[in-house]
Structures are given as C-alpha cells and as structure tokens.
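Everything on this sheet refers to the single structure shown next.
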Amino acid sequence: MELTPPRGSSPSPTGRVWLGRANHPPTKRSLTGNRRGGLGQAGQVGKQGEGDEIPFLQFTEEAQEAFDAWREILETQKLRSGEPDMIEAALSKYRSLIPSLALLFHLVDVGSGPVELDSLLRAVDWGDYLGSQMRRVYSAVSNPALAAAHSLLLKIREGKIMDGMTLREIYLKGWAGLDRESLPEALQVLEEYGWAKSETRKPETADGRGRKSEVVRINPKIGGAK
C-alpha cells in the first residue's frame, strides 16, 4: 500500500503532476503495520479501492495542499539551485520518498484513514535531516583537505599515529590520502577543531644547529590517541 502518482489527474500550474491526489492507480495489496504493533490486511487501515482494485490511501485536503506547496519548492528551487549533480539526483528521489515516509508515519501513529498533515510534516523534517547528512558526506568527498583530515583522525584513533611523530614518518607510511601535500592541509583542518596540530621541533643539539622537523601534537582527549 502506498501513495502513488494519480492517473489522469490534472497537472499543476507549473505543468507537473503532483502525488497524492484523487484517482490514484491501484497499488499491490500488501500487509501493513497498525498502531497496535501487529500486521493486518489493507482493509484494516481504511484503504480505498473496490473489488480487485489494489488498495491505496490519500492525503487529507490539508495535507495535500501542504504537499503541493512543498513539491513546488522542490521542483522550482531545490532542484534548480545549482548544487552538484549528485545532490540534485538524490533530491529528485524525494518526490516519492516524502509521501512514502508520510504514509509509514501515518500507519504507525494513526493506523487508518487518510494520511494527515502531521505525518507529512514529520516526513518533510526527516527529509531535511537526511539532506543535511547527505551534504556533509558529499563535502567530505569533494573537499580533499577534509577527506584527508578524516583519514588522519581515523589513524590517530586507531593508535597508528602517536603524539610527537614527524610528518615525514607519517607520509612515508604510504597511507592513502596522507601524502606530503595533503598531510599539512589535514592538520590545518584538525587544528580548527582542536584535535591535533603540527609543531616545529628544534634539533636536539647543544648549539641548536641541524634540521628542524615538523611533528604532530595530538589532543589527549581524542579517543585512542597515544
């Protein structure tokens, strides 16, 4: 059971057909959850559809109006904001994700009847949360310094990089993403968060002559750091 695109419904003023209006095509009959935690036949949740028609539920009028407004913003703003193709491709799936989540929340919380506004708003909130996490993941992939910082922090937590190690010792390990060029950039990112930094160590000679070295100083509060 699901909220599905209408068949034969009229398009919106922008020429797009929204989900959730009347005249839904039938969907496959299935078992659905109910508020008491059991599984019941579709007829127990106030499904629509007669005879051999596959059952479906619709939004209430209030929820439908809110969904139309949300969908309008998705189509005309969020999918045309110039974000990377990877982000826009994921957001385009929200056309079905949001009504699907709304239906699930409705079946769990209410159990029967049309899908209400509260369930839709919860679905939209979840979509916003998932979108923020998606952007965080994408930024790590698209930002080499940030990706290197993640790799460096992981090695620190695994105990493979210890306080006082030289940068040369680290990049000679040959770890992916932690080469001579990316390692200083990774440390700059970690320093912004107070996790680690590079420090210049003077040569340990009586006259102070010799080659200086850059070492890693690690915040001892980082789990796994030594």
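Of note:
- Looking across segment 131-148 at every residue that is free of Cβ contacts under 8 Å to residues at least 12 places away in the same chain and in a helix (DSSP H, G or I), the one that is surrounded by the most Cβ atoms within 10 Å (Cβ to Cβ) is identified as ALA140.
- Test: MET165 is surrounded by 15 or more Cβ atoms within 10 Å (Cβ to Cβ) and either within 24 Å of TRP70 (Cα to Cα) or in contact with a strand residue (DSSP E or B) (Cβ under 7 Å, 6 or more places away or on another chain) (or both): yes
- Criterion (modelled with pLDDT of 90 or more, in the same structural domain as LYS212 (by TED's automatic domain parsing), assigned to a loop (DSSP other than H, G, I, E, B) and charged (D, E, K, R)) met by exactly one of LYS155, LYS160: LYS160
- Scanning segment 168-177 for residues that are of a type in the set (Phe, Trp, Tyr) and either assigned to a loop (DSSP other than H, G, I, E, B) or surrounded by fewer than 16 Cβ atoms within 10 Å (Cβ to Cβ) (or both) turns up just one, TRP175.
- Scanning segment 85-99 for residues that are of a type in the set (Gly, Ala, Ser) and exposed (fewer than 15 other Cβ atoms within 10 Å of the Cβ) turns up ALA89, SER92, SER96.
- Tabulated pairs, segment 72-97, first farther than 22 Å from ASN143 by Cα, second loosely packed, with under 12 Cβ neighbours inside 10 Å, C-beta under 7 angstrom, 6+ apart or interchain: GLU72/THR14; GLU75/THR14; THR76/THR14
- Qualifying residues in segment 54-108 (those that are outside any helix (DSSP H, G or I) and in contact with a Lys or Arg (Cβ under 7 Å, 6 or more places away or on another chain)) - the one farthest from ARG122 (Cα to Cα): ILE54
- The number of residues in segment 182-211 that are under 19 Å from MET162 (Cβ atoms), modelled with pLDDT of 90 or more and not in a strand (DSSP E or B) comes to 8.
- Unmet criterion (only one of (1) crowded, with 16+ Cβ neighbours inside 10 Å; (2) out of contact with any His (no Cβ under 7 Å at 6 or more places or on another chain)) for GLY82: (1)
The values are calculated or read from the model by the stated rules, or taken from the named source; none is laboratory data. Nothing here was measured: the structure is a model prediction, and the numbers come from that model. Reconstructed Cβ throughout: ideal geometry from the backbone, glycine too, with neighbour counts over all protein chains shown.
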